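Working notes, beginning with the structure itself.
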Amino acid sequence: MSDQINLTCPLCGHDFNAEEHAACQTCPMHQGCNLVCCPACGYQMVDVRRTLVGRLAGSVFHREYRRRKRNRHGLTLSDVPPGWRAKVVGFGDGIPPARRAHLQAYGLVPDDWVWVVQHSPVTVIQIDQTELALENSLASQIEVQHIRKGEVYEDRQ
Amino acid sequence: MQCHGSVELGTNVTGGSIALVGHPNVGKSVLFHQLTGQHVTVSNYPGTTVELARGAARRLPETLILDTPGVITFPPHSDDEQVTARVLLYEPLRAILQVGDAKNLRRTLLLCVQLAELGLPLVLALNMMDEAESRGVQADHDLLSENLCVPVVPTTATRGRGLDELQSALNTARPPQLRLEYPEKIELALAQFNAQLKQAGVKDAPIHLRALGLSWLSGDPVTESWLAERLSVEVVGELVSQRASQQGSLQKSLVATIQEARLAYVERIIKRAVTSSGQGRRNNRAGLSRLTTHPVWGVLILAAVMYALYWFVGIFGAGILVSLLEENLFGQVINPWVVGWVQQLIAWPFVVDLLVGEYGLWTMGMTYALALILPIVATFFLAFGVMEDSGYLPRLAALSNRLFEFLGLNGKAVLPMVLGLGCVTMATLTTRVMESRRERLLVTLLLALAVPCSAQLGVVMGMLASVSLTATLIWGGVVFLVLLVIGWLAARLMPGERTQLLVELPPLRWPVLSNVLIKTLARMEWYLKEVLPLFLVGAALMFALDRSGLLDWITHAGEPLVTGWLGLPPQASAAFLVGFLRRDFGATGLFLMQDDGLLNPIQVVVAMVTITLFIPCIASVMMIARESNWRTALGMVVLIIPLAFLVGGLLYRGLVLVGWGI
């Protein structure tokens, strides 16, 4: 699952996937290495998810760590942190057909990106120019993948 | 999938009505007003149009325009959506005018494809172009028109932009020849359906037979009832078993398979015709919009909004305006003048008493309605109109969802509950925004039981404020507790599942003053029409009881309950008696008793709690019966009245026990 979260370089802002970064894979010392380099500018940083303390602190502070640990079967919309976007994969069986039809009509369709605004008191998402408020229990039945930071329109550019 | 497929037999495009169809909150009602010159209540909240509005088109001769409730998608799932689906299948339509949101093209086009398949002349008005432009949403309208096979007209209804083009497009609208190709099994099922209908002798339908087949396969209840009216039970049975076996041969449901084909088509159009789907929201209003649903700031904003509402309605309306009208205008100017004239003109003391006596039609009925109640409801409806048009109410639904979850409902229940603070009868009508019958019944019960209307609230607040803040808190706490306990119990006793919240948050907008004023006036007219006759009947009833000596008898007969159980003076029986007509009328009677020094603090609190939990009024009971049935309405009355007295009596004993107010 970790390969679905991208890193953003603090120096140049480049968005990249550390797991796919070829240079690391070819490095003879990459086993157990906690460092990662930005493929765009070469800036070296610690990948917090590769450190024990980073993972522990992350599990306390970051929703996505907690949720992912609990929900090993797949990411859902309720796992996506506020301010992040995710690609919709499908709907859980628990969503009644009427609700599913409404969600689709609002633009929540597979392979499209939605942007999560907040999770409390209800989940608020943005699809195109529509903002939807949906109950967290409903959001937890909407399967997503490829979560990334930032608004949806950034993807379309 | 193209525009030039063959037209099947069965397309019937006659009649003189044009139906406005579209998603909720896209400006259908504004466009209706622009096209007909007639006003319907418009608000920035889905579910405003609860009933069909019809009006003659100003520039289209002999044409009626029908404003339908918003639909999210077909087949219909809520009562509102079914109203629209019935219009499309049962009304003889000359054309359909789809009003679409120009900034949300995906869902607009999805509905457009569904409407185009009906085979009725169709025009797509891409409304709210100003908002789309400000957000950078750009589309090639000619290309959209070409792909959908319908004229596409960009409009901004609130500013009257694009209306001329729209009306000329409506004049020349033709049935679109859009024919989507569905997966093979669906096409096979459609062919079987058509063959079955032709065999049964149905060769014609108000909509395209192919569209009828798609609706049937999607499980549209309106299509099912239309077919059941025209086909024998055996044929319908065969169609049902055919549909079941077709469903069995598919991995996904029939409706999902059909919808996915439409979605794929829409996606292709979007890719071709939409040049920019816009940027994220970056303006101040978007920031404020986020704050209104924020877990901390949202609650603070809600508290500020509620305080502003309380100040405007409770202090300004119920305090300052009522005192100006009741004491100064009616008490010192109008009533002495009317009494003087009546006494001069009419010689019979009986009639004089009936008109201007203690329980006179004018001095009691009209004065209560115009001087006490009117300013309160006017200020409430004005404030509510501002809240509606600003788009704040759906945010309130999101914020209050957890509370309503406890009551077996979802946050959408907040609309009828808040509107109930204005008028419970009107709010009962808006329970239609709830998706299931179970939820509508639960909201109706809570409205009838524990939501005081603004008229009553004004009187209650006035009385309690003169006792102490603690009195107000006890009253509010007890009523809220009853609401929670009864709501929680009812949700667990009533069978059925709770519907999870899914609500669109429309952009926050500055309310248009003229729109708010017009609908406040329209609501006041509605309210007065309802309230005045009942107040006059109430006054006449009191007069008759007083004259016949029955009032004393009732006061005496009600003593065990009113005096013994509730601990109130015997005269309060009369207030509860007229409370059957309207509980604010009853509350006003208690208000006058307090003025005369007949009630101590405990009695004020007990009386207010009891009258608040009472049934709202005869009109609301009739509305409950209309929206559900008489059995439900009577059931609620039988539940609510004893409960109101039970809670009142228990509160009286509790307060005496702790020694409060002595």
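Mind checking which residues of the stretch A:82-94 are more than 20 Å from A:Q126 (Cβ to Cβ) and at the interface with chain B (Cβ under 10 Å from one of its Cβ atoms)?
A:G94
Residues of the stretch B:500-516 being in contact (Cβ under 8 Å) with a residue 40 or more places away in the chain and either part of a helix (DSSP H, G or I) or touching a helix residue (DSSP H, G or I) at 6+ places or on another chain (Cβ under 6 Å) (or both), which ones?
So in the stretch B:500-516, the residues in contact (Cβ under 8 Å) with a residue 40 or more places away in the chain come out as B:500-501, B:503-512, B:515-516.
Answer for the stretch B:500-516, where residues must be in contact (Cβ under 8 Å) with a residue 40 or more places away in the chain and either part of a helix (DSSP H, G or I) or touching a helix residue (DSSP H, G or I) at 6+ places or on another chain (Cβ under 6 Å) (or both): B:Q500, B:L501, B:V503, B:L505, B:L508, B:P511, B:N515, B:V516.
Residue-wise test of (1) outside the structural domain of B:R438 (by TED's automatic domain parsing); (2) modelled with pLDDT under 80; (3) within 18 Å of B:L110 (Cα to Cα).
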position: B:G22; (1), (2), (3): yes, no, yes
position: B:S29; (1), (2), (3): yes, yes, no
position: B:T36; (1), (2), (3): yes, no, no
position: B:V42; (1), (2), (3): yes, yes, no
position: B:T49; (1), (2), (3): yes, yes, no
position: B:V71; (1), (2), (3): yes, no, yes
position: B:D79; (1), (2), (3): yes, yes, no
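Quick check on the stretch A:109-123: of everything there that is touching a Leu at 6+ places or on another chain (Cβ under 7 Å) and within 7 Å of another protein chain (Cβ to nearest Cβ), which residue is modelled with the highest pLDDT?
So, considering only residues that are touching a Leu at 6+ places or on another chain (Cβ under 7 Å) and within 7 Å of another protein chain (Cβ to nearest Cβ), the one modelled with the highest pLDDT is A:V122.
Can you tell me which residue is modelled with the lowest pLDDT among those in the stretch B:124-138 that are in a helix (DSSP H, G or I) and more than 30 Å from the chain's Cα centre (by Cα)?
Among residues in the stretch B:124-138 that are in a helix (DSSP H, G or I) and more than 30 Å from the chain's Cα centre (by Cα), the one modelled with the lowest pLDDT is B:S134.
Given (1) over 26 Å from B:G37 (Cβ atoms); (2) modelled with pLDDT of 90 or more; (3) within 14 Å of another protein chain (Cβ to nearest Cβ), where does B:K103 come up short, assuming only one miss?
(2)
With the requirement that a residue be in contact (Cβ under 8 Å) with a residue 60 or more places away in the chain and under 18 Å from B:T610 (Cα atoms), what does the stretch B:546-569 give you?
Listed by number, the residues that qualify are B:L561, B:W565, B:L566, B:G567.
Only residues that are more than 14 Å from chain A (Cβ to nearest Cβ) and in contact with a Gly (Cβ under 9 Å, 6 or more places away or on another chain): list them for the stretch B:479-514, please.
Across the stretch B:479-514, the qualifying residues are B:G487, B:W488, B:A490, B:A491, B:R492, B:M494, B:P511.
Of all residues being more than 19 Å from B:N25 (Cβ to Cβ) and β-branched (V, I, T) in the stretch B:102-134, which is surrounded by the fewest Cβ atoms within 10 Å (Cβ to Cβ)? Just the residue, please.
Step by step, filter the stretch B:102-134, then rank; the result is B:V113.
Name, by its number, the condition in (1) at pLDDT 85 or above; (2) surrounded by fewer than 22 Cβ atoms within 10 Å (Cβ to Cβ) that does not hold for B:A56.
All conditions are met except number (1).
Go through the stretch B:540-582 and give me each residue that's farther than 25 Å from B:L457 by Cβ, surrounded by 20 or more Cβ atoms within 10 Å (Cβ to Cβ) and modelled with pLDDT of 85 or more.
B:F543
Residues that are at pLDDT below 90 and buried (at least 23 other Cβ atoms within 10 Å of the Cβ): list the helices (runs of 4 or more DSSP H) wholly contained in the stretch B:382-450 that include at least 3 such residues. Steps first, please.
Details: elements: B:392-399, B:401-406, B:414-420, B:424-429, B:437-450.
By residue number, B:414-420, B:424-429.
Could you give every pair whose Cβ atoms fall below 8 Å, whose first residue belongs to the stretch A:47-59 and is in the same structural domain as A:C9 (by TED's automatic domain parsing), and whose second residue is of a type in the set (D, E) and modelled with pLDDT of 75 or more, counting only separations of at least 6 or pairs across chains?
A:G54/A:D47
Among the residues of the stretch B:142-160, write down those that are surrounded by fewer than 19 Cβ atoms within 10 Å (Cβ to Cβ), in contact (Cβ under 8 Å) with a residue 24 or more places away in the chain and over 29 Å from the mean Cα position of the chain (by Cα).
Matches in the stretch B:142-160: B:L143, B:E146.
Can you name the number of the only condition in (1) under 26 Å from B:T431 (Cβ atoms); (2) crowded, with 21+ Cβ neighbours inside 10 Å that B:V604 fails?
Of everything listed in (1) under 26 Å from B:T431 (Cβ atoms); (2) crowded, with 21+ Cβ neighbours inside 10 Å, B:V604 misses just condition (1).
For the stretch B:388-404: of the residues being facing chain A (nearest Cβ under 8 Å) and not basic (K, R), which is nearest to B:L505 (Cα to Cα)?
B:P394
Restricting attention to the stretch B:315-343, and to residues there that are under 22 Å from B:E358 (Cβ atoms) and of a type in the set (G, A, S), which single residue is modelled with the lowest pLDDT?
Step by step, filter the stretch B:315-343, then rank; the result is B:S323.
Select the helices (runs of 4 or more DSSP H) contained entirely in the stretch B:565-642, then report the ones holding at least 1 residues which are of a type in the set (D, E, K, R).
B:583-595, B:618-627
Being at pLDDT below 90 and either facing chain B (nearest Cβ under 7 Å) or over 14 Å from the mean Cα position of the chain (by Cα) (or both) is the filter here, so list the residues in the stretch A:141-154 that pass it.
Those that are at pLDDT below 90 and either facing chain B (nearest Cβ under 7 Å) or over 14 Å from the mean Cα position of the chain (by Cα) (or both): A:E151, A:Y153, A:E154.
Regarding A:D79, is this residue more than 9 Å from chain B (Cβ to nearest Cβ) and at pLDDT below 90?
Values: more than 9 Å from chain B (Cβ to nearest Cβ): yes; at pLDDT below 90: yes.
Criteria met by A:D79.
For every residue, the table says whether it meets (1) more than 11 Å from chain A (Cβ to nearest Cβ); (2) at pLDDT 90 or above.
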{"site": "B:S218", "(1), (2)": "no, yes"}
{"site": "B:G237", "(1), (2)": "yes, yes"}
{"site": "B:R243", "(1), (2)": "yes, yes"}
{"site": "B:L250", "(1), (2)": "yes, no"}
{"site": "B:Q259", "(1), (2)": "no, no"}
{"site": "B:R262", "(1), (2)": "no, yes"}
{"site": "B:Q279", "(1), (2)": "no, no"}
{"site": "B:N284", "(1), (2)": "yes, no"}
{"site": "B:L291", "(1), (2)": "no, no"}
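Determine if the stretch B:589-601 includes at least one residue that is in the same structural domain as B:M366 (by TED's automatic domain parsing), buried (at least 18 other Cβ atoms within 10 Å of the Cβ), aromatic (F, W, Y) and under 37 Å from the mean Cα position of the chain (by Cα).
yes
The values are calculated or read from the model by the stated rules, or taken from the named source; none is laboratory data. Small disclaimer: the values here were computed from a predicted structure and weren't measured. Cβ coordinates were reconstructed from backbone atoms using ideal geometry, including for glycine residues, and neighbour counts include every protein chain displayed.
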